[in-house]
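We did not get these values from a lab; they are worked out from the coordinates using the rules stated. Being a predicted model, the structure only gives us computed values, none of them experimental. Cβ placement follows ideal geometry from the backbone for every residue including glycine, while neighbour counts extend to all protein chains displayed.
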Amino acid sequence: MSRAAVLALLVAAGCGPDSVFGPPTETECPPGGTSLTYTSFGKPFMESYCTRCHSSELVGSQRMGAPSFHDFDSLFGIKAVSMHIDETTGSGPAATNTGMPPDGAKPTKAEREMLSQWIACGMPQ
Ligand code: HEC
């Protein structure tokens, strides 16, 4: 297969304009670290914007199409796909990604920046 054909396939598979994915935000953890924790930020953020679809307690149509193994009701579930979270929901120097959530209440840009920073700092508990 030619390089162009492979590229075309990659685009068709979810890197095109319809994709929920944007580029990595390229956020870096500040030198002094972050004051954001799972308890103070990650958990309430996910509960405000994500877990009505992405939760281990939801099955079948309750998930409203949210893929399996993308469950954000635990820190473990967030860590498993944190790069994808940055690429769909985060904001930083390289991009502000607004693919998620698809509807309902949306996080502000400042909240998206906090999300990417918390991820870049290794998601402290
Ligand atoms: C209304 C339900 C709903 C809400 C709320 C929601 N999502 Fe999603 N999420 C989806 C659906 C549906 C998909 C699959 C979309 C697709 O592949 O086109 C998805 C896909 C994703 C993916 C990509 C999974 C993959 O690898 O293909 C990530 C990451 C994600 N969501 C993160 C989040 C985050 C973070 C939040 C909260 C800020 C959130 N979502 C809120 C329904 C939701």
Mind pulling up the Rg/Rh value for the chain? Radius of gyration and Kirkwood radius, both on Cα.
1.00
In whole Hz, the Karplus estimates of ³J(HN,Hα) for the stretch 31-39 (6.51, -1.76, 1.60; θ = phi - 60°; x where Gly or Pro) are x, x, x, 10, 8, 6, 10, 4, 5
What order do you get for 63-71, 95-103, 114-122 when each peptide is scored by the mean count of other beta carbon atoms within 10 Å, highest first?
114-122, 95-103, 63-71
Over the chain, with a Gaussian network built from C-alpha contacts below 10 Å, which listed residue (Glu111, Glu57, Glu26) shows the highest mean-square fluctuation?
Glu57
Residues Lys106, Lys43 arranged by fewest to most Cβ contacts within 10 Å
Lys106, Lys43
Please enumerate, by chain and number, the aspartates and glutamates with C-alpha under 14 Å from the C-alpha of Lys79, excluding those fewer than 8 residues away in the same chain.
Asp71, Glu87
